[in-house]
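Presented below is the structure to which this report refers.
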Amino acid sequence: MGTCSYVLLGTENGMKETFGSTCHGAGRAQSRSACRRQLNYEEVLNNLEGKGIAIRVASPKLITEEAPEVGDRKAYKDVPVVVDTCDQAGTSRKCLKLRPMAVIKG
């Protein structure tokens, strides 16, 4: 919710080695239940607001389950590291980096 996203391009090597598949997300660093136990939804909201990201959500638990970094606690692995790994492996190529402006979770 609070981290960048990337548009990746397929590569010839990626088609040969992975049948055209690449990462479609960074992968979880913590389980959803661990995030609910360890993170405070108001802290996550304040963190997003501080980054200029608007959020609308149906339930506070969704905020903590999908939380970006709050101090050293986070729900997902580091997106740029995962994307750089795919880029360096040649399975896909970085094309465009996107910054979140708004998040809707329902």
- Query: Quick one: if the Förster radius is 22 Å, what FRET efficiency do Lys105 and Glu43 give, using the C-beta to C-beta distance and rounding to 0.05?
  - Reply: 0.85
- Query: Tell me, what is the per residue accessible area of the chain in Å², probe radius 1.4 Å?
  - Reply: 64
- Note on the structure: If N is the residue count of the stretch 7-106, its Cα Rg over 2.2 N^0.38 Å rounds to 1.25
- Query: Around Glu65, with a cut-off of 10 angstrom between Cβ atoms, what is the net charge of the other residues, counting Lys and Arg +1 and Asp and Glu -1?
  - Reply: +4
- Where does the charge balance sit around Ser92 when Lys and Arg score +1, Asp and Glu -1, over other residues with C-beta under 15 Å from its C-beta? 0
- Task: Quick one: among Glu43, Glu65, Glu17, which has the greatest mean-square fluctuation in a GNM of the chain with alpha-carbon springs under 10 angstrom?
- Result: Glu17
- To the nearest 0.05, what FRET efficiency results for Lys97 and Met15 with a Förster distance of 22 Å applied to their C-beta separation? 0.40
- State the percentage of accessible surface on the stretch 1-52 attributable to carbon and sulfur atoms; use a 1.4 Å probe and exclude ligands, DNA and RNA. 49
- Task: Would you calculate a helix-derived [θ] at 222 nm for the chain, using -39,500 (n - 2.57) for each DSSP H run of n ≥ 4 and dividing by the full residue count, to the nearest 500?
- Result: -10500 deg cm²/dmol
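The values are calculated or read from the model by the stated rules, or taken from the named source; none is laboratory data. Please read all numbers here as calculations on a predicted model, not as lab measurements. No Cβ is skipped: glycine too gets one built from the backbone with ideal geometry, and neighbour counts run over all protein chains shown. Protein only, heavy atoms only, side chains kept; ligands, DNA and RNA dropped before computing areas. Shrake-Rupley method; radii C 1.70, N 1.55, O 1.52, S 1.80 Å.
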